[in-house]
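Note sheet for the following structure.
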Amino acid sequence: VPIGKIKTAESRRLAAFANHFNMMIEGYRRFNSYLTEHSIDDDDGGIDDDQDDNDSPSLPEGRRKKTADPRQSAFDLLDMMISRGICPDAYRVSSMVGLQKDSVGLTQLWVRAINKFQVRMTPIIYNSFITAYGKVGDPSSAAWAFYRFLSTQSQGGRRKSWNIFLVSLSNASRKNGSGKLDAFSSVAALGMEGVFEDSARGRPTHKSSESKATATLSKIEGMDCAEAARCILDEMTTSDDIPSPDSQSYCLVASAMSHVGPCPDDAIKLFRDALESNIAPDGRLVNACIRCYGDQIDMALSAWKKEMRSSVLAHENRSRPRSSSSFPKRRKKNLAAAYNGLLYVCGKAGRADIALRLAYAMNKEGVEPNETSYNSYIKGKEARPQGETNFMRILADQHESLLQVECVKYDTQDKRREKEKRIRIIL
């Protein structure tokens with residue numbers, strides 16, 4: 001039913017308020033994110049939808065019915081909202097940011113938000129644009145947006161905003177790891193030229209903050225995403241004017257490094273720097289550092305045995321407050337996450353035999369391998385280049401079958417395996 005046409009039993013018209021538009025636009029944004037994550041093609045102006053309804057007319061073979069593009073539907077809602085005199089606020093602009101598929105669309109929305117909607121640029125708006133530029137693979141525009149944000153902050157901003165910029169660099173590194181940053185010639189810088197100066201709604205910049213932002217940006221100009229992330233981390237560690245890094249900061253830097261290629265020396269150095277900064281060696285950090293080894297499984301195992309394992313065990317056996325006494329003591333989630341990182345490296349190296357031995361080692365340490373462990377190996381296997389012989393493939397298949405049996409235990413509560421054949425062994 002079109003918004004504004006809904007009628008009650010007494011035939012009274014219900015007006016559409018801002019919250020109605022907010023919820024629907026946010027729903028379209030989430031639906032678009034779902035389609036993007038599952039790589040569903042929508043180039044024909046519509047989204048393919050499976051024909052599951054028996055009452056609906058049958059379509060020719062190979063054809064599926066189309067549903068509306070969520071991006072276009074959201075823009076239609078935005079135009080309807082403006083026509084009804086409801087000006088978009090920061091929340092609606094943030095939802096529309098998630099619907100853009102390239103940096104040009106993001107920049108046009110940004111210009112429109114300031115000039116036409118007169119939206120005040122808050123840290124939430126800046127963070128949404130910084131994240132979105134990274135997702136579409138434009139780290140230069142993300143760096144320029146971060147520069148504009150720092151220019152408005154007298155105290156250098158909060159740690160969350162710096163971590164969001166690291167998230168953007170990590171996402172952009174996945175799509176374009178070798179690209180060099182050129183913030184002042186980016187799509188955002190060229191498209192937003194003069195917008196902040198001509199707009200009375202933009203937050204005024206402070207000269208000292210702008211000079212510091214320019215100095216920070218000049219350090220990462222010409223670097224790739226991984227180098228820029230490490231430079232930002234060093235800036236957070238050494239400077240007193242900006243927040244210090246936390247465990248998430250180191251994880252994001254390691255994630256950006258892993259997308260570029262094997263870098264074992266940088267990975268172990270990052271891990272040591274984290275320990276020197278009193279960052280807890282939890283499972284996320286160790287997993288991210290191990291993935292930086294790429295297909296260098298021997299070096300990853302050596303670093304795990306010599307340095308990482310002892311640190312993880314010390315963190316796992318640390319004294320906990322009484323409030324955590326209700327949780328199971330033998331979970332060892334950090335140790336399991338670290339082993340999953342090793343299994344990922346095994347998959348990327350094509351060493352199913354070592355992965356099987358690691359699964360046995362996990363059992364000995366009281367960590368039960370599960371589907372997450374097996375999926376970590378599969379993800380690494382999918383990321384490695386093809387170049388193995390038939391003999392190597394046969395051996396790998398044998399070890400992978402045993403690894404799957406070891407990791408994927410039968411569970412009577414798992415409804416996904418209700419139709420699997422069962423074998424009863426009588427001794």
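Once phi is turned into ³J(HN,Hα) by the Karplus curve 6.51 cos²θ - 1.76 cosθ + 1.60 with θ = phi - 60°, what whole-Hz value does each residue of the stretch 301-313 show in order, with x for glycine and proline?
Each residue of the stretch 301-313 in turn: 5, 5, 5, 5, 6, 7, 10, 5, 4, 5, 5, 5, 5 Hz.
Could you list which residues have their amide H under 5 Å from that of Asp138, counting only those 5 or more apart in sequence or on another chain, with H placed in the peptide plane?
HN-HN under 5 Å from Asp138: empty list.
Whole-Hz Karplus ³J(HN,Hα) for the stretch 132-137, in order, using 6.51 cos²θ - 1.76 cosθ + 1.60 and θ = phi - 60°, x for Gly and Pro?
5, 4, x, 5, 8, x
Report ³J(HN,Hα) in whole Hz for each residue of the stretch 21-34, in order, from the Karplus equation J = 6.51 cos²θ - 1.76 cosθ + 1.60 where θ = phi - 60°; Gly and Pro get x.
5, 4, 5, 6, 5, 5, x, 5, 5, 5, 5, 5, 5, 4
Could you tell me the accessible area of Glu371 in Å² (1.4 Å probe, neighbours in place), rounded to the nearest ten?
My reading of the accessible area for Glu371 is about 60 Å².
Roughly how much of Met236 is accessible, in Å² to the nearest 10, using a 1.4 Å probe?
Only protein atoms counted, so the area is about 0 Å².
When ligands, DNA and RNA are left out and all protein chains stay put, how many square angstrom of accessible area per residue does the stretch 98-153 have with a 1.4 Å probe?
The answer is 31 Å² per residue.
The values are calculated or read from the model by the stated rules, or taken from the named source; none is laboratory data. This structure is a prediction, so every number in the text was calculated from the model and none was measured. These area figures cover heavy atoms from the full protein model, side chains too; ligands, DNA and RNA do not enter into them. Shrake-Rupley method; radii C 1.70, N 1.55, O 1.52, S 1.80 Å.
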